[in-house]
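Notes follow once the structure below has been shown.
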Amino acid sequence: MGVAEEVKGELEAKFPKELKSSQVLRPRAIRVRIDRKDLLPLAKHLKAAGFEHCSCISAVDWVTRYESVYHITSWRRNVLVEIVAEIPHDDPVIDSVYAVWHGADYHEREAWDLMGIRYEGHPNLERILLPRDFQYHPLRKDFPQEVDRQYISRRKLGGG
Amino acid sequence: MSDHLIDLYPLCQGLIAFVNDLVGRIMNAVAGGIEGIGIAPPGAGQPLRDQAALMNSPWVIGLIAWLVAIQVMILWGTAINLLVMMWMERKFYSRLQDRVGIKIGLTSMDFLARIPILGGLFTNFVKRPSHLGTGFLQNVADGVKMVQKENLTPAKADAFTFHAAPVLIASSTLLIFAALPFSDGFTIMQSPNPFGILFILAAFSLAPIGILIAGWSSNNKYTLIGGMRSTAMLMSYEIPMILSLIAVVVLMGTLDPFEIVHRQAQPISASISQLSFLGSAGADGAIYFPNWNIFTAFPAFLVFAIAILAEQERIPFDLPEAEAELVEGWLTEYSGMRFGLVFGFKWLRGLAGSGLLVILFLGGWTGPHITLPLPGLSLAFPFQELWFMVKVYLVFMAYVWISWSFPRIRIDQILNIGWKVLIPIALLAIFLSIALRAFGVYQ
Amino acid sequence: MEWDLVAFIAFSTLELVAAVLVVTSKRLVHSVFWLAVTLATIGGIYVLLRAEFIGLVQIIVYAGAVPILFLFGIMLTRRKIMEEPHEAE
Amino acid sequence: MAEVGAAAEHGDSMWINMGPQHPMTHGLWNLKVRVDGEIVVEALPEIGYLHRGVEKISEVREFHKVIALTDRLCYVSSITWSHAYCLAVEELMGVTDQIPPRARYLRVISNELQRVASHLMWLAAYGPDLGILTGLLWALRDRELFLDLIQAMTGMRMNQNYPRPGGVRNDIPATFERDCTKVVKHFMGKLDEYEDLLGSNKTFHMRTKGVGVISPEEGTEWGVTGPNLRASGVACDLRKLDPYDAYDELSFEQALDKDGDSFARYAVRMEEMRTSCDLVLQALKKLPKGPYRMKAPRRAEGEAYRRTEDSRGEALFYVCGDGSDRPYRVKIRSPIFCTMSAVPTIMRGERVADVISIMGSLDVCVGEMDK
């Protein structure tokens, strides 16, 4: 049994109801799927279990729902846990894991900036990549991709 | 000692006589053609007689001769040397960095080949004009570019002090060259000059005020911090510089640069009799070990060399204008030729510092030479100015070498080195000199 | 004409004017500048009085001392030393 | 801005903008530092000046066309970024196991050459930061050799477009092995010269030792990765921990240091250049014959991630597909983006002059940071 199965077994034993699904992706990576309300307990448990590095937080807009995907690594055990937290589309709010991993700081700000998911409990949830007065969250699927290009071409047609 | 090559006084006399004559002829030609005016009747010869007499008085001729001499000295001492040193530095560090460096020279001007008469001489220049030169004219081109640029004054700057500071810095630096001798005859303050070294130090110490004022008046945070740092650094390195100078003065017993150089020209056995095996001044042309202060006061030399390096704000000590953090330090807001002035004067301070180092420690303009057998003249070769410039350029090259192979150090480290390392060594050097004199080892 | 006298008058006039300006200047740096001019002209007067050594030492010491005075002036007075654009609002 | 104004009123400290146009920032970003005299009280990075919306643009391009965008994430390290993206896409398409062995070795070679070129660019930028312009010229001189090699390999000098889902774009030219061996051996000799110029230079030690110390705990907490974390003693080289391509068939040691200061970061990067040279030589020796690319499917569905050891740290691509020929979502994890979040912590209590020493040693690349 590899280390991934070990971690998977631990998580399943600790959170039997909360895990919607869990699978081993590669010998050193597992994926678990949870609801947004179970994120903080899981995060705290992982942190206590030696997962000290928050690699990445990705926000995905699946039109019917949002997902906040956490890649959490343990350097010592050399295993990665991918947590997929599901968020309803009409209420894009999830707990912040800033208190658990400070490295989540900029990732959560970026996800708020580009995807519009609000991370409750983040100390400084401001736009980071886009200007402060920008009004949209451009990575959402309802943000049209071609707007700017049309705008530019119209401006060019107009002679300016 | 060598004779004068040109006597300026008769030269100026002849020049003035020529101008007077020319003016008289023109006046005669113009006024003589108009009848009835009568200011210059034909044949009177000298229409402006009284004026010509004034111009011919020895007083005026002497003044003009002096002005010409001073101009030549200042021009050669500063402007030409400035260009040469900049060129040397740029070429030298380019070689350190494994590249060729600047190449704009006379050969880069391909229009020379198009001049009909001279065309044949310069045909080769056309092919790759910018890749053939020596690079000497690059600095001239940079200077011309600087002159063409606009002189901006920042909106909230304190205009009076902002404009006064470069003048203060430039004039105080030029003052150094009034007392810095290049040879026995080459100086504005003539030999003997009992306080020459003191005068140079006084002129050296004027610049920090200008730098501080420049940094403050630009109303910019970078310049303010740069000015503060610069002043703190220059002040704290002036103290070891003067202390190490005292060690030399104790040995030499004088503040006169001419006297200091003459004493260093003697063999070392004349001062320390125990070292007579190193040779003594015997027959003319004999090679002997000179009495340079670098041998007898080495700690002082070390301290002085490092202090001069800091006075030039060269790279290990270039925190005042550390470009990575403070953009360009205290001269950030200057533009155009005003920038060129304060920037270029760093090299002049380098020249003055290296010159001072050579005079104090490396025997000044003395060195082995032969007397050229010219009719009516006794010219020494290599003449004194050549010896001096060779030494100064070598010292300057050493500084360039150091500054392009070290990173800059932090301001607190700089001040620590100044106060905790250099000042104790300088005090030790003074103590050593006094001991050498007190026990009669050094006469 | 006595050139010494002319130089003395020039130096002392400059010194007096600069000394007055030290006191009347509103801005710190202007006072410091005029103070430096005052002290340097005093050095010049020493030179005129055939006390070259004292004159040059005067310039070395005071040219060194004035920036330190200025630094203390900046450090110890709690006045704003820069024109902050946003403070005008 | 309110807090900035308040601090200025306070009078003891002042804010200095180091950027967006400042010699310290290698690129377009702004580090606001509040200084009390020479001591940094507070530092606030402001980024986003170079945001190009790579993630959004990727969503309307076919999988293989996105590579042209990932090339431009970081102009000094194009191949490693495209490579990370290709790995993620292969994982998404489920063809990871079918990559031809030759392609896997070619990827190692191109990656390591690119890593050396990138580290040399870092060295070139770090020299003038500390005042050694000579370091800049020397590093750029040697980087040119590696750019030539990469050009022979990919056909491009900058923004090399080399990795593909399923392999690499083209095979190496016939003389490549000879040239590469020659250059790499020559460069390993040059590395000793750098040691003379920088590593054994007392003044360099004065500027870098004990400056900007990142403790292992702090670094892991804030998500610092790559050479910056390995300088603190955390073994986090993904080439070892999560091997991809042919790295598990090659022998190498990850460069580690324990001090966590600027000098340790310098030493780790220099050591890494040696390791990379060694890896290139090994891979060239072991380079198998065969095809250099397999035909990857055009469509993909699901989610997949892959992480690689980029020149600056952990690069992670999270790619989603919805069954069409375009990625549904591409998420890029930039190592420098995360390192930047640790900068306020690192900077507190340092001197203004050391801000440059620290930021230079972190190796900032704005292109990948702002995406």
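State the number of residues belonging to region A:25-57 that are more than 14 Å from chain D (Cβ to nearest Cβ) and outside any helix (DSSP H, G or I).
Summing the residues that are more than 14 Å from chain D (Cβ to nearest Cβ) and outside any helix (DSSP H, G or I) in region A:25-57 gives 3.
I want to confirm something. Restricting to region B:150-180 and keeping residues that are crowded, with 17+ Cβ neighbours inside 10 Å, away from every other protein chain (no Cβ under 14 Å) and not aromatic (Phe, Trp, Tyr), which single residue is nearest to B:Gly336 (Cα to Cα)?
Looking at the filtered set, the residue picked out is B:Ala170.
All but one of (1) in a helix (DSSP H, G or I); (2) more than 30 Å from B:Asn416 (Cα to Cα); (3) within 14 Å of chain C (Cβ to nearest Cβ) hold for B:Arg263; which doesn't?
Failed condition: (3).
Kindly provide the set of residues from region B:207-220 that are buried (at least 24 other Cβ atoms within 10 Å of the Cβ) and at the interface with chain C (Cβ under 8 Å from one of its Cβ atoms), ordered by number.
Within region B:207-220, B:Pro208, B:Ile209, B:Leu212, B:Ile213, B:Trp216, B:Ser217 qualify.
Which residue out of D:Arg333, D:Arg306, D:Arg299 is out of contact with any Phe, Trp or Tyr (no Cβ under 7 Å at 6 or more places or on another chain), closer than 26 Å to A:Gln23 by Cβ and within 12 Å of chain A (Cβ to nearest Cβ)?
When all the criteria are applied, what remains is D:Arg333.
If I ask for residues that are within 27 Å of A:Tyr98 (Cα to Cα) and assigned to a strand (DSSP E or B), which ones from region D:329-353 would you list?
If the condition is that a residue be within 27 Å of A:Tyr98 (Cα to Cα) and assigned to a strand (DSSP E or B), then D:Arg329, D:Val330, D:Lys331, D:Ile332, D:Arg333 are the ones that fit.
Where residues in region B:333-390 are touching a His at 6+ places or on another chain (Cβ under 9 Å) and polar (S, T, N, Q), which of them is surrounded by the most Cβ atoms within 10 Å (Cβ to Cβ)?
Among residues in region B:333-390 that are touching a His at 6+ places or on another chain (Cβ under 9 Å) and polar (S, T, N, Q), the one surrounded by the most Cβ atoms within 10 Å (Cβ to Cβ) is B:Gln384.
Do you know which residues across region D:156-185 are of a type outside the set (Lys, Arg) and not in a loop (DSSP other than H, G, I, E, B)?
D:Pro163, D:Gly167, D:Val168, D:Phe176, D:Glu177, D:Asp179, D:Cys180, D:Thr181, D:Val183, D:Val184
If B:Thr254 satisfies all but one of (1) among the polar types (S, T, N, Q); (2) within 11 Å of chain C (Cβ to nearest Cβ); (3) part of a loop (DSSP other than H, G, I, E, B), what's the number of the condition it fails?
(2)
How many residues does region D:183-215 hold that are without any contact (Cβ under 8 Å) to a residue 24 or more places away in the chain and surrounded by 13 or more Cβ atoms within 10 Å (Cβ to Cβ)?
Adding up the residues that qualify gives 3.
Would you say D:Asn228 is touching an Asp or Glu at 6+ places or on another chain (Cβ under 8 Å), modelled with pLDDT of 85 or more and more than 14 Å from chain A (Cβ to nearest Cβ)?
So D:Asn228 fails the test.
Please verify whether region B:368-387 includes one or more residues that are away from chain D (no Cβ under 14 Å), charged (D, E, K, R) and touching a helix residue (DSSP H, G or I) at 6+ places or on another chain (Cβ under 8 Å). Spell out the reasoning first.
So the first thing to find is which residues in region B:368-387 are away from chain D (no Cβ under 14 Å), and the list is B:368-387.
Imposing the further condition that a residue be charged (D, E, K, R) reduces the set to B:385.
Still in the running and touching a helix residue (DSSP H, G or I) at 6+ places or on another chain (Cβ under 8 Å): none.
The answer is no, given that none of the residues of region B:368-387 is away from chain D (no Cβ under 14 Å), charged (D, E, K, R) and touching a helix residue (DSSP H, G or I) at 6+ places or on another chain (Cβ under 8 Å).
Quick check on D:Asp148: is it within 14 Å of chain B (Cβ to nearest Cβ) and of a type outside the set (Phe, Trp, Tyr)?
It is false that D:Asp148 is within 14 Å of chain B (Cβ to nearest Cβ) and of a type outside the set (Phe, Trp, Tyr).
Are any residues in region B:291-311 over 15 Å from B:Gly353 (Cβ atoms) and touching a Gly at 6+ places or on another chain (Cβ under 7 Å), and if so, which ones?
The one that is over 15 Å from B:Gly353 (Cβ atoms) and touching a Gly at 6+ places or on another chain (Cβ under 7 Å): B:Trp292.
Any idea which of D:Gly313, D:Gly260, D:Gly323 is at positive phi, away from chain A (no Cβ under 14 Å) and among the small types (Gly, Ala, Ser)?
Criteria check complete, one pass: D:Gly260.
Answer yes if at least one residue in region D:342-351 is among the β-branched types (Val, Ile, Thr) and more than 12 Å from every other protein chain (Cβ to nearest Cβ), and no otherwise.
Yes, region D:342-351 has at least one match.
Which condition does B:Ser183 not pass, out of (1) at pLDDT 80 or above; (2) under 27 Å from B:Glu311 (Cβ atoms); (3) crowded, with 16+ Cβ neighbours inside 10 Å, if it passes all the others?
(1)
Looking only at region D:314-328, which residues are more than 18 Å from the chain's Cα centre (by Cα), of a type in the set (D, E, K, R) and either assigned to a strand (DSSP E or B) or farther than 18 Å from D:Ile57 by Cβ (or both)?
Within region D:314-328, D:Asp322 is the sole residue that qualifies.
Scan the helices (runs of 4 or more DSSP H) fully inside region B:291-389 and keep the ones with 2 or more residues being among the basic types (Lys, Arg) and modelled with pLDDT under 85. Write out each step before concluding.
Working: elements: B:293-296, B:298-311, B:323-326, B:336-361.
Of the helices (runs of 4 or more DSSP H) lying wholly inside region B:291-389, those with at least 2 residues that are among the basic types (Lys, Arg) and modelled with pLDDT under 85 span B:336-361.
Would you mind listing the helices (runs of 4 or more DSSP H) fully within region D:225-313 where at least 1 residues are more than 18 Å from the chain's Cα centre (by Cα)?
The helices (runs of 4 or more DSSP H) meeting that bar are D:262-286.
If I go through region D:28-42 residue by residue, how many of them are crowded, with 20+ Cβ neighbours inside 10 Å, over 10 Å from D:Glu350 (Cα atoms) and in contact (Cβ under 8 Å) with a residue 60 or more places away in the chain?
The total comes to 3.
D:Ser251 passes all but one of (1) surrounded by fewer than 16 Cβ atoms within 10 Å (Cβ to Cβ); (2) polar (S, T, N, Q); (3) in contact (Cβ under 8 Å) with a residue 40 or more places away in the chain; which number fails?
Checking D:Ser251 against (1) surrounded by fewer than 16 Cβ atoms within 10 Å (Cβ to Cβ); (2) polar (S, T, N, Q); (3) in contact (Cβ under 8 Å) with a residue 40 or more places away in the chain, the one that fails is (3).
Of the numbered conditions (1) within 13 Å of chain C (Cβ to nearest Cβ); (2) under 24 Å from B:Val421 (Cα atoms); (3) buried (at least 24 other Cβ atoms within 10 Å of the Cβ); (4) touching a residue at least 24 places away in the same chain (Cβ under 8 Å), B:Ala232 fails exactly one; give the number of that condition.
The number of the failed condition is (3).
The values are calculated or read from the model by the stated rules, or taken from the named source; none is laboratory data. The structure displayed is predicted, hence computed values, not measured ones. When we count neighbours, we look across all protein chains shown, and the Cβ atoms used for this are built from the backbone with ideal geometry, even at glycine.
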